[in-house]
Amino acid sequence: MIDWNELQTAEQKAAQASKTAREAWKAQRSETVARIAVTTTAGNTFDGDETSQGRMARAILGLQALGEGATIRWVLADNSEIQATAAELTEALQLAGQAQAALWIEEGA
């Protein structure tokens, strides 16, 4: 028996397909953002995912409050450690933000 209430119009099917494609693109974007890594002019490669960007921003604020020359122990993308300055963290944060911004807009949207 056919349930006529379950039938969809071509427009409804197209809208659902578009929504499904958009959700798949957003999931892929999230995975790509999670893998962002950026290299500063000093040659240090930092994780640039959203969590790392938040950590960098907080560390920058704290280091700025301590004044010039202050550093913080930082674990890089390859798990090595450095003493990072506010300037280098700021550069890494800017690079990560730029990389994320480049991923944020869907091509052809």
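Here are a few things to note about the model shown:
- Of the criteria (1) within 18 Å of A102 (Cα to Cα); (2) in contact (Cβ under 8 Å) with a residue 40 or more places away in the chain; (3) of a type outside the set (S, T, N, Q), which one A34 fails: (2)
- Inclusion of T32 among residues that are touching a helix residue (DSSP H, G or I) at 6+ places or on another chain (Cβ under 6 Å) and among the hydroxyl-bearing types (S, T, Y) is warranted.
- Restricting attention to the range 89-105, the residues being in contact with a Lys or Arg (Cβ under 8 Å, 6 or more places away or on another chain) and surrounded by 12 or more Cβ atoms within 10 Å (Cβ to Cβ) number 1.
- Exclusive hit being under 22 Å from the mean Cα position of the chain (by Cα) and at pLDDT 95 or above, set R22, R58: R58
- Within the set G43, G48, G67, the sole residue that is within 20 Å of E31 (Cα to Cα) and either crowded, with 16+ Cβ neighbours inside 10 Å or small (G, A, S) (or both) turns out to be G48.
- Search result, residues across the range 72-88 that are surrounded by fewer than 15 Cβ atoms within 10 Å (Cβ to Cβ), out of contact with any Lys or Arg (no Cβ under 8 Å at 6 or more places or on another chain) and farther than 14 Å from T40 by Cβ: R73, V75, N79
The values are calculated or read from the model by the stated rules, or taken from the named source; none is laboratory data. All values reported here derive from a predicted model rather than from experimental measurement. Note that each Cβ is placed from the backbone with ideal geometry, even for glycine, and that neighbours are counted across all protein chains shown.
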